[in-house]
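K.L.:
Here it is, the structure in full.
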Amino acid sequence: MAEPNGDVFQWLKSMPLAPEYRPTLTEFQDPIAYIFKIEKEASKYGICKIIPPFPPPPRKVAIANFTRSLTKPDEPNSKPTFTTRQQQIGFCPRRPRPVQRPVWQSGENYTFQEFEAKAKAFEKSYLKKHHLHHQGHRKGGGAGGGSGGLGPLEVETLFWKATVDKPFSVEYANDMPGSAFSRKCREECAAALAESAWNMREISRANGSLLRFMKEEIPGVTSPMVYLAMLFSWFAWHVEDHDLHSLNYLHMGSGKTWYGVPRDAAVAFEDVVRVHGYGSEINPLGFGFTVNWFVEEHHWVWIGVTFSTLGEKNTVMSPEVLINAGVPCCRLVQNAGEFVVTFPRAYHTGFSHGFNCGEAANIATPEWLRVAKDAAIRRASVNHSPMVSHFQLLYDLALALCSRFVFCYYGFLLFGCNRVMLISYQNYIFFSFCLSRLMPLLTVPY
């Protein structure tokens with residue numbers, strides 16, 4: 001890794017920023033329509049940030065909602081706690097694939113307040129040990145939140161330096177089913193965002209999201225999961241299950257850095273990871289003597305174990321490697337009260353600048369239908385069971401679209417043009433677009 005220029009790595013300074021959007025109150029009324037509107041532009045980066053026109057719900061409300069999510073129905077009087085995973089930071093050259101960082105259960109249980117205290121104590125100790133606590137309070141520090149007043153680029157430089165230094169571990173409480181949003185707002189100050197269509201409890205099945213046609217409830221996909229992090233808690237390079245979109249909200253705490261690679265560069269990304277991350281030891285032609293194929297952008301492409309290994313979600317590799325190999329990569333910093341969207345087949349990774357609390361769920365705009373078939377084939381090629389039944393989803397979607405189209409047709413006959421013209425036109429466009437995407441998917445293996 002190159003030496004830093006001053007306090008920040010030069011490659012970080014020159015990385016392009018993912019787009020940032022600030023919807024109006026009117027645009028904010030329909031989340032799926034808004035994301036669909038910006039998708040053509042934003043998906044070129046793989047990720048983007050959306051800043052809502054409302055402040056985040058109060059901290060005490062979010063904590064109370066999260067705590068209720070932890071309460072076991074059969075043990076209402078039990079202490080609401082959660083466990084964490086230990087994540088390795090640092091480089092261990094003896095490992096056959098150093099970019100694959102060990103992750104293991106910590107065996108510890110925490111309340112929200114206990115984990116927050118531990119996270120802040122670790123941050124203070126780490127920065128003091130590295131003589132950065134007072135240096136961080138100079139001009140230019142603080143943007144992005146956390147880490148003793150250091151700026152986001154300085155924190156990112158610290159993180160990537162730590163990944164090639166002596167190994168140590170941090171804790172991360174991830175994939176906890178639940179939400180810090182209210183089901184029904186009871187406090188006036190929380191009403192704006194919590195009762196909007198962007199409430200993470202409802203977003204996966206919001207109007208326009210194709211996941212609303214799924215009958216099963218899948219935590220993290222059709223319902224949110226909560227994440228509690230400390231300084232340097234990371235999430236590895238990965239794509240979402242079935243190449244779905246994801247929506248991520250940060251309730252409180254320090255910022256979080258995200259790096260993204262757009263869908264068009266996914267194959268190039270996998271090849272760079274295989275060669276530079278896994279040392280070419282993974283056979284790109286499949287499992288032993290088995291050859292697996294999938295179609296991407298109308299070309300036959302070899303796929304091997306790289307996709308499956310990335311699916312283990314323990315690959316931490318610097319974006320500098322990608323940039324040097326010519327793979328497009330961008331960055332953004334998510335602050336409390338902001339959303340991040342990841343788009344289909346976009347690889348992404350990131351880490352936290354200090355203690356924070358966020359949650360995430362999947363969505364699917366009609367654009368997802370462009371990649372749904374390839375995603376299912378790719379998943380089957382590495383023997384991963386489907387989380388989404390494509391035939392069931394497409395069947396229910398087709399029925400819903402047909403009923404809408406029939407309603408519009410008979411609306412013209414019964415009520416005339418004036419009363420149904422707008423809704424019929426919108427449904428016709430939506431019907432035509434989805435139908436054009438549905439027909440090629442009839443060969444999906446699930």
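The values are calculated or read from the model by the stated rules, or taken from the named source; none is laboratory data. From a predicted model like this one, the values you see are computed outputs, not experimental measurements. Neighbour counts are summed over all protein chains in view; Cβ atoms, including those assigned to glycine, are modelled from backbone coordinates with ideal geometry.
K.L.:
Determine if region 368-377 includes at least one residue that is out of contact with any Pro (no Cβ under 9 Å at 6 or more places or on another chain) and either of a type in the set (S, T, N, Q) or modelled with pLDDT under 50 (or both).
P.N.:
No, that holds for no residue.
K.L.:
With Ile89, Ile47 as the choices, which residue is under 30 Å from Arg274 (Cα atoms), of a type in the set (A, V, I, L, M) and more than 19 Å from the chain's Cα centre (by Cα)?
P.N.:
From the options Ile89, Ile47, the qualifying one is Ile89.
K.L.:
Look at Pro23 and say whether it is at pLDDT 95 or above and part of a loop (DSSP other than H, G, I, E, B).
P.N.:
Considered against the rule, which asks whether it is at pLDDT 95 or above and part of a loop (DSSP other than H, G, I, E, B), Pro23 comes out as yes.
K.L.:
Do we find that Glu367 is assigned by TED's automatic domain parsing to the domain that holds Tyr45, of a type outside the set (Ser, Thr, Tyr) and either more than 21 Å from Leu158 (Cβ to Cβ) or touching a Gly at 6+ places or on another chain (Cβ under 8 Å) (or both) in this structure?
P.N.:
So Glu367 passes the test.
K.L.:
Mind listing whichever residues of region 53-65 are surrounded by fewer than 20 Cβ atoms within 10 Å (Cβ to Cβ) and under 23 Å from Val341 (Cα atoms)?
P.N.:
Pro53, Phe54, Pro55, Pro58, Arg59
K.L.:
If you check Ala360 against the conditions, is it in the same structural domain as Ile32 (by TED's automatic domain parsing), assigned to a loop (DSSP other than H, G, I, E, B) and within 30 Å of Ser196 (Cβ to Cβ)?
P.N.:
No; evaluated as a whole, the condition is false for this residue.
K.L.:
Being exposed (fewer than 15 other Cβ atoms within 10 Å of the Cβ) and modelled with pLDDT of 95 or more is the filter here, so list the residues in region 82-108 that pass it.
P.N.:
Of everything in region 82-108, just one residue is exposed (fewer than 15 other Cβ atoms within 10 Å of the Cβ) and modelled with pLDDT of 95 or more, namely Thr83.
K.L.:
Go through region 56-95 residue by residue and tally those that are free of Cβ contacts under 8 Å to residues at least 40 places away in the same chain and in a strand (DSSP E or B).
P.N.:
2
K.L.:
Right, here's the next one. Restricting to region 190-209, give me the number of residues that are in contact with a Pro (Cβ under 7 Å, 6 or more places away or on another chain) and within 19 Å of Glu39 (Cβ to Cβ).
P.N.:
4
K.L.:
Mind listing whichever residues of region 214-239 are among the aliphatic types (A, V, I, L, M), assigned to a loop (DSSP other than H, G, I, E, B) and in contact with a strand residue (DSSP E or B) (Cβ under 9 Å, 6 or more places away or on another chain)?
P.N.:
Ile218, Val221, Met230, Leu231, Val239, listed by residue number.
K.L.:
Would you mind finding the one in Ser246, Ser233 that is at pLDDT 95 or above and within 15 Å of Val340 (Cα to Cα)?
P.N.:
On inspection, the qualifying residue turns out to be Ser246.
K.L.:
Moving on to the next point. For region 384-397, enumerate the residues that are under 23 Å from the mean Cα position of the chain (by Cα) and either loosely packed, with under 14 Cβ neighbours inside 10 Å or charged (D, E, K, R) (or both).
P.N.:
Ser385
K.L.:
Between Pro53, Pro19, which is under 18 Å from Gly350 (Cβ atoms) and either touching a residue at least 12 places away in the same chain (Cβ under 8 Å) or not assigned by TED's automatic domain parsing to the domain that holds Glu156 (or both)?
P.N.:
Selected residue: Pro19, the only one of Pro53, Pro19 that is under 18 Å from Gly350 (Cβ atoms) and either touching a residue at least 12 places away in the same chain (Cβ under 8 Å) or not assigned by TED's automatic domain parsing to the domain that holds Glu156 (or both).
K.L.:
Scan region 256-311 residue by residue and report those that are at pLDDT below 90, among the hydroxyl-bearing types (Ser, Thr, Tyr) and touching a His at 6+ places or on another chain (Cβ under 9 Å).
P.N.:
Within region 256-311, just Ser308 meets the criteria.
K.L.:
Okay, next question. Only one of Glu27, Glu39 is within 24 Å of the chain's Cα centre (by Cα), of a type in the set (Asp, Glu) and crowded, with 17+ Cβ neighbours inside 10 Å. Can you tell me which?
P.N.:
Glu39
K.L.:
Sort out which residues of region 195-213 are farther than 28 Å from Glu108 by Cα and in contact with a strand residue (DSSP E or B) (Cβ under 6 Å, 6 or more places away or on another chain), and write them in order of number.
P.N.:
Ile203, Ser204, Ser209
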